[in-house]
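Working notes for the structure below.
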Amino acid sequence: MPAVPSRAIRFHRTGEPLAVLQEERIEIPDPPKNRVRVRVLATGLNPADWELCRGFLPGALPRGIGYDVAGIIDAVGDIDAAGVIDAAGVIDVVGDIDAAREEEASDSGGDAGQPASSRTERAGVGNRGGHAGTRNETAGVGAVVFGTADFIEQPSAGAADVALLNNWYRVPAGLDPVQAAALPMVVQTAAWTLETMRVEPGATLLVHGAGGMVGYAAVQIALRLGARVVATAGPTFAADLEQLGARVTPYGRGMPDRVRALTGGEDVDLVLDTPRPSPGTMPDLIALAGGDPRRVMTISNHEEARRLGARVNLDELRPGLTPPAKLLPEYASLAAEGAFHLPIARAYPLEQWRDAVALSLSGNPHGKVMLVPGREAAA
Ligand SMILES: NC(=O)c1ccc[n+]([C@@H]2O[C@H](COP(=O)([O-])OP(=O)(O)OC[C@H]3O[C@@H](n4cnc5c(N)ncnc54)[C@H](OP(=O)(O)O)[C@@H]3O)[C@@H](O)[C@H]2O)c1
């Protein structure tokens, strides 16, 4: 099958996302080995996309944005059963982006200036062996699937009409592809991080920043694990999170006292810190965990956590965690049954990608920001 034409949102130089991203007409080639090509139905945007634009994990340009994708398969590459992707490698990439940004911000002489090869090796990019499960190889041309686009090593990713996926699973009956495309990044991050924290049934877990999508997913996953969940969130999702079974209070000034009011004055057993980088809260989170920094895990405030002895998820993620081949179909099935949910802030036609980027960059999108290339812009 020949290459197919596609619009794609991508960047040829690094910088602020709205300054460097552009919409282009390109050709998407036949899928190489261990890839499928899809007609994109929906793409989820993530904070990691903006860090790639800003130049972290540098590599060959141009590059695309959009890691989370749902679409209809139009071509299948040669599938090599051994060619499974390393799940921990995928998540390490995202964490490494945050870490690199903080390193630069603190000008601490970290490795942000190292060559791409060195940084990507540490991040695990390109580690194609190992533990992760196989893809859904029964999903052939015409199947509606969701999964991930390699947004590190390809000249375009999911923000396009056509995309190449390196992991894909069928969208179960009853699940809107937009909902399916919202899942991969946040479900993988939340599930693997809670697994690393060893959240036990009956443990009290504070999820700080549960109005963010990783936190929102973590609340649901922790409740399924049998934890008692206290969450901080703004007003947009406070009632939803309470309905799911969490006890919720606003983040910001006075947060520790409000959390203790919900726990009857008790410390919590574990804390998961999930907002976008927000220096200054780590001491409060450690105090809420009985003063024990090892009971606090962050996904974004890396340098502050390391300095205070708290845990950083990407420092501890190792092969052996639940592979995406199990995780993503499981959560897609739960979503289809209405037993797992991620709120969509807004789904934009591809031509309105600038508005989508701006909403995510605001830092307060209040839900997943999605692109839906097949949909026409409102007149
Ligand atoms: N290390 C990893 O493995 C990994 C993986 C994925 C993502 N990440 C990082 O995790 C962070 C969160 O990602 P995400 O996709 O969940 O982000 P997101 O959905 O875009 O989070 C934004 C939401 O966070 C809430 N928020 C804003 N300021 C806050 C504050 N100061 N304290 C608490 N909550 C606040 C707001 O919701 P409300 O006001 O409605 O509560 C806002 O809508 C990002 O920095 C991302 O890069 C790391």
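Of the residues E330, E337, the single one that is in the same structural domain as I65 (by TED's automatic domain parsing), of a type outside the set (A, V, I, L, M) and in contact (Cβ under 8 Å) with a residue 60 or more places away in the chain is E337. Condition first: modelled with pLDDT of 95 or more and aromatic (F, W, Y). Can you find one or more residues in the range 149-158 that meet it? No, there is no match, as no residue in the range 149-158 is modelled with pLDDT of 95 or more and aromatic (F, W, Y). Of the residues contained in the range 266-276, one or more are found to be over 19 Å from the mean Cα position of the chain (by Cα), in a strand (DSSP E or B) and not β-branched (V, I, T).
The numbered conditions (1) of a type in the set (G, A, S); (2) under 20 Å from M197 (Cβ atoms); (3) at pLDDT 95 or above are all true for A358 except (2).
Each residue in the range 29-45 was checked for being part of a strand (DSSP E or B) and more than 24 Å from the chain's Cα centre (by Cα), and 0 of them qualify.
Set side by side, the residues G174, G147, G158 differ, and just one is in contact with a Phe, Trp or Tyr (Cβ under 8 Å, 6 or more places away or on another chain), assigned by TED's automatic domain parsing to the domain that holds I72, away from the ligand (no atom under 14 Å from the Cβ) and not in a strand (DSSP E or B), which is G158.
Taken over the range 331-378, the criterion of being polar (S, T, N, Q), surrounded by 14 or more Cβ atoms within 10 Å (Cβ to Cβ) and within 16 Å of the ligand (Cβ to nearest atom) is satisfied by S360 alone. Look through the range 258-306, keep the residues that are surrounded by fewer than 16 Cβ atoms within 10 Å (Cβ to Cβ) and basic (K, R), and return whichever of them is farthest from K368 (Cα to Cα). Per the criteria, the residue is R294.
Across the range 290-318, the qualifying residues are those that are away from the ligand (no atom under 14 Å from the Cβ) and part of a helix (DSSP H, G or I), and the one among them that is farthest from G265 (Cα to Cα) is R307. L321 - would you say it is in a helix (DSSP H, G or I), in contact (Cβ under 8 Å) with a residue 60 or more places away in the chain and of a type in the set (A, V, I, L, M, F, W, C)? So L321 does not fit the description; no.
Residue count for the range 43-68 under the criterion of being basic (K, R) and over 22 Å from D161 (Cβ atoms): the result is 1. From the list G234, G174, the lone residue that is surrounded by fewer than 18 Cβ atoms within 10 Å (Cβ to Cβ), touching a residue at least 40 places away in the same chain (Cβ under 8 Å) and closer than 29 Å to A139 by Cα is G174.
The values are calculated or read from the model by the stated rules, or taken from the named source; none is laboratory data. Remember, it's a predicted structure, so these values are computed and weren't measured experimentally. Methodologically, a virtual Cβ is constructed for each residue, glycine included, from the backbone with ideal geometry; neighbour enumeration extends over all protein chains shown.
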